[in-house]
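What follows is a short report on a single structure.
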Amino acid sequence: MSSINESTGLGVARSSPTLDLNEIQATVLRQRPAPYFGTHVLFRIDDPKAGRPFLRRLAPHVDSAAGWWDSADPWLAVGISYAGLATLGLPQESLQSFPEAFRVGMAARAPQLRDEGVNDPKNWESSYGNGQVHIGISAFSNSEEQWRSIMGIARELYAGFSGVSIVAMQDFGAQPGDLNSLGYKDGIDQPAVEGSGVEPLPGQGRPIKAGEFVLGYPGEAGVPLPMPQPDILGRNGTYVGFRKYQTRVGSFNRFLQAHGNTEEERELLAAKLVGRWRSGAPLVLAPQADNPALGADPHQNNDFNYSADPRGRQAPFGCHIRRMNPRDTQLTRLTDVNIHRLIRRGTTYGPPYDKSAVSEADDEVPRGAYFLFISARAMSTIEFLQQEWINEGNFMGLGDERDPIIGLQEEGATFTIPRDPVRRRVRGIETFNVLRGGEYFFMPSLSALKWLADSGN
Amino acid sequence: MQTQGQAKAQKETAPEQSPIVQQKIQRLRELYADAPELGRVALEKGLPNLTRELVAATGTQNAGRIGARQGKVSELTGIIPFANGGAKRLRGLLQALEGNFRGGDAVGTLHDMRFVFLDNDTKLLFATAYDGDWDAYIDDFVTKIPDAMDLLFCNIEGWPGIHSPSAKDFIAKHQIAAEAWYVASPNLTVAETRRLEQVGKAVDEFLEKIG
């Protein structure tokens, strides 16, 4: 069985880890496998007295990040929302030590997240936005067989466990080529975490201070970020954001057909929206046509910056990947890109992308993405991204233009493609990914998980 | 039976007759009842103009944590006590910078910044108009321009240092949200203004070439 290492081609250049890998949950550092299979399960604690026994049963099965670069086994990840921590009976003092955005929950942060219109929490699926989501468990695996086996273990843990019920459950992955709901290879670019035990892959940039991603370590400003109390609860923990998107494949395909006469034109237009071709090959390295070999190689497919593309002629300023990580792009405002990064563990769900799907019914096929993101300041980062880099264009001198893939589009939205002699401005950009629900989770260390399970009455 | 003209006249004056506007006028009359006479006279004489403004009034947004906002432009106003010797040091620094603060260019979102010394150099009035939300880029200042921040703010009583987790709370504590905030071009961010300056120049050059 190939290790995660081989299947993702992760750089084998090792360095001494300085983080407490035995404490940090595996999913913070382990890459999404390729191919990947898994399930998200969201639980509600109905009976407060059942919460801690549930965690006690779960804790031994939650994996740490020890030896993460070598490990091929499937793993479980656990997150707890504020509502979950409160139901577990965490003391007020401790609850109050969490950041406000986490305390009020993602639905209440809709103004800061710019989750309005179709993305407004009042339109979310019924499982989300009403304080029901207490504990989230995700299982990841690189084979169908191992996935079924770990789900078997998980089912034994919670089936028939009275006092805790499932509010949402979704299998994910198993897509041909691991393509996402728009038919693209995704999840390529990740921040390199200092002290994690491996050298950065080409293009990841310098390792970023661990404290940006794991609580208790110095961040980029040289000091640790605020940590929930007591120490055993906060240290080596982190925050996970969870945003479920429904992909309007019909709208996306109709848009491409409206603005491209040939297959070639449509594919180029789509690549200009994303910043990569479907294979993952970045426009900066492959400006004219896709290069599947380049896209498939993790040592090449991210090895670029924007110094050779200062006018956005290859990768438009407003394209998705340039917005999500501007790298060395000259921005209009003083920005430290290294404090706005997220570790991403997104997963695709539903049937694969279908190029011929153009109807409105195709928009409603349950198909899309779970955007899972990890950072020691996940709430402020996603709120910053939503305000500044996704639903705004000012940081790149793009006026009101928004991210064409995950932005919430207004009537008459445009997308500018820099070009000689005159730029092309495409109209008719719609909201291609609609938010269906989400929540902020705390991802405790292994010791914190045991402490939560054992402490209290 | 009304003539068309009469009906039209009624429609045109309708907004000024709306209950909300009438209530506002009534309220203003009550408030100004104890104003100096020239104020009371001005209210009645200027009522037609004032009524038009009341009808046209649109709201104000907030800048996030604290402060007012119009469109994309937010305001931050604070009255902050100087630390011992702080006024002298800050005045010296600002004079060395020739009374300007071009360092603001690097930030990219500052429309203007005002440093006014009050009450015999015991307090600083700091006021700025900037683009976007209150919170968005403060963390970037911490990692990119920490020295400039501490050089300025060390002159303030109680400044915890830009690296302190309570730095943001400190700023917010001394900030007073504006009661009213008028911005002539609420959609014109600093970046957009710069872009339009360049575009305007290019268009002028083009017209000269073809003219």
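Per-structure values
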item: Of all residues making up the range A:375-394, the number that are in contact with a strand residue (DSSP E or B) (Cβ under 7 Å, 6 or more places away or on another chain) and either surrounded by fewer than 22 Cβ atoms within 10 Å (Cβ to Cβ) or free of Cβ contacts under 8 Å to residues at least 60 places away in the same chain (or both); result: 1
item: Qualifying positions in the range B:114-136 - under 17 Å from B:R194 (Cβ atoms) and either without any contact (Cβ under 8 Å) to a residue 60 or more places away in the chain or of a type in the set (S, T, Y) (or both); result: B:A129, B:Y130
item: Residue check, B:D204 within 14 Å of another protein chain (Cβ to nearest Cβ), of a type in the set (D, E, K, R), assigned to a helix (DSSP H, G or I) and more than 16 Å from the chain's Cα centre (by Cα); result: no
item: Single match in A:V41, A:V118 (criterion: β-branched (V, I, T), surrounded by 17 or more Cβ atoms within 10 Å (Cβ to Cβ) and either over 22 Å from A:L449 (Cα atoms) or away from chain B (no Cβ under 14 Å) (or both)); result: A:V41
item: Residue within the range A:237-246 that is part of a strand (DSSP E or B), surrounded by 18 or more Cβ atoms within 10 Å (Cβ to Cβ), of a type in the set (S, T, N, Q) and touching a strand residue (DSSP E or B) at 6+ places or on another chain (Cβ under 9 Å) present; result: yes
item: In the range A:173-200, the residues that are buried (at least 23 other Cβ atoms within 10 Å of the Cβ) and hydrophobic (A, V, I, L, M, F, W, C); result: A:L182, A:V193
item: Residues of the range A:414-457 classified as aliphatic (A, V, I, L, M), in contact with a strand residue (DSSP E or B) (Cβ under 7 Å, 6 or more places away or on another chain) and within 29 Å of A:S380 (Cβ to Cβ), total; result: 6
item: 2 or more residues farther than 23 Å from A:P226 by Cα, more than 14 Å from chain A (Cβ to nearest Cβ) and charged (D, E, K, R): qualifying strands (runs of 3 or more DSSP E) within the range B:65-183; result: B:110-118
item: Test: residue in the range B:49-58 that is in contact (Cβ under 8 Å) with a residue 60 or more places away in the chain and surrounded by 15 or more Cβ atoms within 10 Å (Cβ to Cβ); result: no
item: Matching residues in the range A:380-394 - criterion: being assigned to a helix (DSSP H, G or I) and under 22 Å from the mean Cα position of the chain (by Cα); result: A:S380, A:T381, A:I382, A:E383, A:F384, A:L385, A:Q386, A:Q387, A:E388, A:W389, A:I390
item: Residue list for the range A:395-417, filter: hydrophobic (A, V, I, L, M, F, W, C) and either closer than 24 Å to A:N253 by Cα or part of a loop (DSSP other than H, G, I, E, B) (or both); result: A:L398, A:I405, A:I406, A:L408, A:A413, A:F415, A:I417
item: Any pair with Cβ under 6 angstrom, 6 or more apart, that starts in the range A:53-65 at a residue that is part of a helix (DSSP H, G or I) and ends at one that is among the β-branched types (V, I, T); result: A:F54/A:V164
item: Residues of the range B:47-78 satisfying the condition of being more than 15 Å from B:D135 (Cα to Cα) and in contact with a Phe, Trp or Tyr (Cβ under 8 Å, 6 or more places away or on another chain); result: B:T60, B:Q70, B:G78
item: Any hit, the range A:395-408, residues being within 12 Å of chain B (Cβ to nearest Cβ), closer than 30 Å to A:A221 by Cβ and either β-branched (V, I, T) or touching a strand residue (DSSP E or B) at 6+ places or on another chain (Cβ under 9 Å) (or both); result: yes
item: Selection within the range A:221-236 - more than 14 Å from chain B (Cβ to nearest Cβ), surrounded by 19 or more Cβ atoms within 10 Å (Cβ to Cβ) and outside any loop (DSSP other than H, G, I, E, B); result: A:L233
item: Qualifying residue in the range A:415-428 (condition: in contact with a Gly (Cβ under 7 Å, 6 or more places away or on another chain) and within 14 Å of chain B (Cβ to nearest Cβ)); result: yes
item: Residue within the range B:11-34 that is of a type in the set (K, R), exposed (fewer than 12 other Cβ atoms within 10 Å of the Cβ), at pLDDT 95 or above and more than 30 Å from B:E192 (Cβ to Cβ) present; result: yes
item: Every residue from the range A:367-379 that is part of a helix (DSSP H, G or I) and in contact with a helix residue (DSSP H, G or I) (Cβ under 7 Å, 6 or more places away or on another chain); result: A:M379
item: Test: residue in the range A:177-189 that is within 16 Å of the chain's Cα centre (by Cα), β-branched (V, I, T) and more than 14 Å from chain B (Cβ to nearest Cβ); result: yes
item: Matching residues in the range B:67-109 - criterion: being at pLDDT 95 or above, in contact with a helix residue (DSSP H, G or I) (Cβ under 8 Å, 6 or more places away or on another chain) and surrounded by fewer than 19 Cβ atoms within 10 Å (Cβ to Cβ); result: B:I79, B:L93
item: Condition check for A:P99: without any contact (Cβ under 8 Å) to a residue 40 or more places away in the chain, more than 18 Å from the chain's Cα centre (by Cα) and more than 22 Å from A:W147 (Cβ to Cβ); result: no
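Residue-by-condition table, conditions (1) in contact with a Phe, Trp or Tyr (Cβ under 9 Å, 6 or more places away or on another chain); (2) under 30 Å from A:P418 (Cβ atoms); (3) at pLDDT below 95:
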| site | (1), (2), (3) |
| --- | --- |
| A:G216 | no, no, no |
| A:V274 | yes, yes, no |
| A:N301 | no, yes, no |
| A:R313 | no, yes, no |
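The values are calculated or read from the model by the stated rules, or taken from the named source; none is laboratory data. On a predicted model such as this, the values are computed, not experimentally measured, just so you know. Glycine gets a Cβ as well: all are built from the backbone with ideal geometry, and neighbour counts include every protein chain shown.
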